[in-house]
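Report on the structure given below.
The values are calculated or read from the model by the stated rules, or taken from the named source; none is laboratory data. This is a predicted model, so every value here is computed, not measured. A quick note on method: Cβ atoms are made from the backbone with ideal geometry, for glycine too, and the neighbour counts reach across all protein chains shown. Protein only, heavy atoms only, side chains kept; ligands, DNA and RNA dropped before computing areas. Shrake-Rupley method; radii C 1.70, N 1.55, O 1.52, S 1.80 Å.
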There are 2 protein chains.
Amino acid sequence: MSFDLELIRAAHERIRPFIKRTPVLTSDALDQECGTRLFFKCENLQAAGAFKSRGACNAVFSLTDAEAATGVVTHSSGNHAAALARAAQLRGITAHIVMPANAPQSKVQNVGHYGGWITFCEATLAAREAACSRVSAQTGATIVHPFDDLRVAAGQGTAAIEFLEDAPDLDFILCPVGGGGLLCGTAVAAKALHPGIKVIGVEPALADDVAQSFRAGRRISIPTPLTIADGLRTNCTGEKNFPIIQRYVDDIVTVSEEGIVAAMRELWERLRVVIEPSAAVAYAAIREGRVSVAGKRVGLILTGGNVDMEQLPWLKK
Amino acid sequence: MSFDLELIRAAHERIRPFIKRTPVLTSDALDQECGTRLFFKCENLQAAGAFKSRGACNAVFSLTDAEAATGVVTHSSGNHAAALARAAQLRGITAHIVMPANAPQSKVQNVGHYGGWITFCEATLAAREAACSRVSAQTGATIVHPFDDLRVAAGQGTAAIEFLEDAPDLDFILCPVGGGGLLCGTAVAAKALHPGIKVIGVEPALADDVAQSFRAGRRISIPTPLTIADGLRTNCTGEKNFPIIQRYVDDIVTVSEEGIVAAMRELWERLRVVIEPSAAVAYAAIREGRVSVAGKRVGLILTGGNVDMEQLPWLKK
């Protein structure tokens, strides 16, 4: 399968009935302060509260009827899990979700809300992968990896198509990086539609596996990172993702934990949207001066908005 | 001046370059729970964070050049103050804002941000009105009342025009009521565009002056209310507003303080937008069953999103 704009356009046609066209927001006040023009693509307002609905829907609705009949399975405790359960529910098939036994109750409920079948396992990557393979072997369910799957990455790239329709002539797109699925899809779509654009991945400095890999020219694995940006706590980017990132992405920059919390709070207050910490990293990169964007038109993807309202990071002692 | 759809349409043309076309959001999950279809018009995402920018811009850009030359003045410590300062800045004229000396620092800063000239006074309505008249007499500034001004109410009504374009066939519009400017504009626009629609005003039970007035058939004044919905702490609806409300509004319902906080939190969590307490009253009316909307298409206006992120009401002891 050739990973190109046509694939992403086909994904867009496929998933259109099942996702939202999310708005692009701007703020004159933030623009004045930053000395640049910022455009925020609000995937926190996407169905199930994250861009993950795009990739999950594309994977689920790409299945043949025979494949679909035996369902899908993934291991995730986060937004991909809820998005996959939702997509499966929309197609009327079973989603098996492998979650660590210590997953927060709210995440378990989210998956349950969409009718996902939950299998608990130990909280290690090895245990999660083993449980996922076992469920797949027992049920025939198709594994839908959260990021190392080109159907998923193509679905994620559909946000960039909409973004460039609604905010043309962007000079930059800044994109949070966890496993790299969104970054791949975004880079391929954006560069095809607008070859002069720069696509920058942003990672927490505490979870800089992709930044390290990008500089080293090979996939580097790190211990499970402890960043507050829980959606970006990946050890290593995907095998399928990495060559695409190497080819299409201009740079990967990193931001501090304090910067993530400050950026999150500032966007709640000034842009008036609820975003999760992972979604704040791109704006944190602007605030921390990690990208030279003075006078430019800069697109930022706000990736998700699933937050525990009792646990706001700027209110913690 | 006849207060009709044409006046509101003219306001819309006048203010279009200075306001945002705010999105209408929906949530399948909330719809399922409520047994109805909800459409949220996000005026919290409006310039300066509230629908007040519409009325303020209409008032300021309706002035003749001679009137504009001497500026505008209002007394308000809330969203109207910031919106009027912003509108005046856009026209390049002076906005005098009379604020009580005990106004929160964040509100003072908001007005200062848009270049408003602040006059402090005692924290009583009489002192505020006296200071406002004095500034007007000394400077020639035109008084722009927060709600009892038909240019302001016409500007506020422009949100309903957009709402019915983006969410046609609404059976209801639920609208928070403070002084009644937004409710007037909304009711007149909505009934003209879609005669079968029901327009319902929603007030905190602690600030039910308009509900009382509506039932009594005359304007009733109440002591300054202590509701958490600080944007709705008005003593009495406007002289100009009340006959319009009597003629065009179908009902005024009230909601509890607990209901406002619960509704606010639920919309932050589930709709993923930052709204202030005043903006939550319409959804609180749905949650508390104050309006019979089962199976209907219901529009709710989320009026503003200016919140102190250190003081979230569900986290108070």
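If you line up the long axis of helix B:181-193 against the longest principal axis of chain B, both from Cα atoms, how many degrees apart are they, to the nearest 10? Once rounded, one gets 60 degrees.
Summing Lys and Arg as +1 and Asp and Glu as -1 over all other residues whose Cβ lies under 14 Å from the Cβ of A:Arg287 gives a net charge of -4.
Among A:Thr224, B:Thr124, the sequence by solvent-accessible area, most first, with a 1.4 Å probe is A:Thr224, B:Thr124.
Note on the stretch A:170-286: Kirkwood radius taken over Cα pairs, Stokes-Einstein applied at 25 °C and 0.890 mPa s, translational D equal to 174 µm² s⁻¹. Around the Cα centre of the stretch A:53-143, unit charges on the Cβ atoms of Lys, Arg, Asp and Glu (plus for the first two, minus for the last two) sum to a dipole of about 200 debye. Taking 10 °C and 1.306 mPa s as conditions, the stretch A:53-143 diffuses translationally at an estimated 126 µm²/s according to Stokes-Einstein applied to its Kirkwood radius (Cα pairs). For chain A, relative contact order (Cα pairs under 8 Å, six or more residues apart, normalised by length) works out to 21 percent. Applying both filters, DSSP loop and at most 14 other Cβ atoms within 10 Å, to the trypsin sites (Lys or Arg not before Pro) of the stretch A:191-238 gives A:Arg218.
With the label put 7 angstrom out from Cα along the Cα-to-Cβ vector, B:Lys316 ends up 2.6 nm from the copy partners, going from closest to farthest.
The contact residues of the stretch B:10-35, meaning those that lose at least 20 Å² of 1.4 Å-probe accessible area when all protein chains sit together rather than their chain alone, are B:Lys20, B:Pro23, B:Leu25, B:Thr26, B:Ala29.
Take the accessible area of chain B alone and of chain A alone, subtract that of the pair, and you get about 2200 Å² summed over both chains, using a 1.4 Å probe. The slack between B:Glu67 and B:Gln311, meaning 0.36 nm per residue of separation minus the straight C-alpha distance, is 83.8 nm. What spacing in nm lies between the two simple spin-label points modelled at B:Ala101 and B:Arg21, each 7 Å away from Cα in the Cβ direction? About 4.8 nm, to one decimal. For A:Lys107, the lysines whose Cα comes closer than 28 Å to its Cα, not counting residues fewer than 8 places off in the same chain, are A:Lys20, A:Lys41, A:Lys52, A:Lys240, A:Lys316, A:Lys317, B:Lys316, B:Lys317.
Residue of chain B with the smallest Cβ distance to the axis mapping B onto A, distance rounded to whole Å: B:Pro23, 2. When only the Cβ of Lys, Arg, Asp and Glu is charged (+1, +1, -1, -1), the dipole of the protein assembly as shown relative to its Cα centre reaches about 220 debye. Per-residue mean of foreign Cβ neighbours for A:49-56 is 1 (Cβ atoms of other chains, 10 Å radius).
When the protein assembly as shown is described by a simple charge dipole with +1 on each Lys and Arg Cβ and -1 on each Asp and Glu Cβ, the residue from B:Thr124, A:Gln156, B:Leu206 located farthest towards its positive end is A:Gln156. Ordering A:Leu226, A:Leu315, A:Leu206 by accessible surface, largest first, gives A:Leu226, A:Leu206, A:Leu315; the 1.4 Å probe counts only protein heavy atoms, with every chain in place. When the other protein chains are added to the chain by itself, burial of at least 40 square angstrom of heavy-atom accessible area (probe 1.4 Å, ligands and nucleic acids ignored) affects these residues of the stretch B:292-317: B:Met309, B:Glu310, B:Leu315. Scanning residues 5 or more positions from A:Ile143 or on other chains, those with amide H under 5 Å from its amide H are A:Val73, with H placed 1.01 Å from N in the peptide plane. Working from label points 7 Å from Cα in the Cα-to-Cβ sense, the A:Asp28 to B:Asp171 distance is 4.0 nm. In degrees from 0 to 90, rounded to the nearest 10, what is the angle of the helix A:52-62 Cα long axis to the longest principal axis of chain A? Between helix and principal axis, roughly 40 degrees. Computed with every protein chain present, the accessible area of B:Ile161 is close to 10 Å² [probe 1.4 Å]. Along the axis of the charge dipole computed for the protein assembly as shown (Cβ charges of +1 for Lys and Arg, -1 for Asp and Glu, origin at the Cα centre), the listed residues B:Ala294, B:Ser62, B:Trp268 are led at the positive end by B:Ser62.
The fraction of accessible area contributed by carbon and sulfur in chain B is 49 percent, rounded to a whole number (1.4 Å probe; ligands and nucleic acids excluded). Plainly put, the protein assembly as shown has a radius of gyration that is 1.00 times its Kirkwood radius, both from alpha-carbon atoms, as the Rg/Rh ratio. When the protein assembly as shown is described by a simple charge dipole with +1 on each Lys and Arg Cβ and -1 on each Asp and Glu Cβ, the residue from A:Ala103, A:Ser133, A:Leu182 located farthest towards its positive end is A:Leu182.
Here A:Val261 sits with roughly 30 square angstrom of accessible surface, probe radius 1.4 Å.
For chain B, excluding the exposed loop sites themselves (GluC sites (Glu not before Pro), DSSP loop, at most 11 other Cβ atoms within 10 Å), the longest remaining stretch covers B:1-238. By a 1.4 Å probe calculation restricted to protein chains, A:Met264 has an accessible surface near 0 Å², given to the nearest 10.
When DSSP beta bridges are restricted to pairs lying wholly in the stretch A:68-176, around 0% turn out antiparallel.
If you take the square roots of the eigenvalues of the alpha-carbon gyration tensor of the stretch B:221-268 and sort them as a ≥ b ≥ c, do you get rounded (a/c under 1.5), prolate (a/b over b/c) or oblate?
Because a/c hits 1.5 or more and a/b fails to exceed b/c, the stretch B:221-268 counts as oblate.
The string of couplings for the stretch B:10-22 from the Karplus curve (6.51, -1.76, 1.60, θ = phi - 60°) is 5, 4, 4, 4, 5, 9, 3, x, 10, 10, 9, 7, 7 Hz, one whole number per residue in order, with x for Gly and Pro. Taking the DSSP bridge list for the protein assembly as shown and keeping only pairs wholly inside it, about 10 percent are antiparallel. Hull volume per residue, based on the alpha-carbon atoms of the stretch A:191-258 and their convex hull, is 95 Å³. At a cut-off of 30 Å², which residues of the stretch B:237-276 become less accessible once all protein chains are present than in their chain alone, using a 1.4 Å probe? The answer is B:Arg265, B:Trp268, B:Glu269, B:Arg272, B:Val274 - residues whose exposure falls by at least 30 Å² when every protein chain is included.
Placing unit charges on C-beta atoms (Lys and Arg positive, Asp and Glu negative, everything else neutral), compute the dipole magnitude of chain A about its Cα centre in debye, rounded to 20. Display every interim value, and only then the final one.
Values: 32 positive and 33 negative charges, 61 e Å.
My answer is approximately 300 debye.
Accessible area per residue for the stretch A:173-265, computed on protein heavy atoms with a 1.4 Å probe, is 36 Å². For A:Trp117, A:Trp268, A:Trp314, the ranking by accessible surface with the largest value first comes to A:Trp117, A:Trp314, A:Trp268, using a 1.4 Å probe.
Inter-copy label distances for A:Ala126: 8.0 nm (label point placed 7 Å from Cα along Cα→Cβ; shortest first).
The calculated FRET efficiency for the pair A:Gln246 and A:Glu122, based on their C-beta separation and a Förster distance of 35 Å, comes to about 0.55.
Taking a point 7 Å out from the Cα of B:Thr139 in the direction of its Cβ, the residues of the stretch B:75-93 whose backbone N falls within less than 11 Å of it are B:75, B:85, B:93. A convex hull fitted to the Cα coordinates of chain A yields 121 cubic angstrom per residue.
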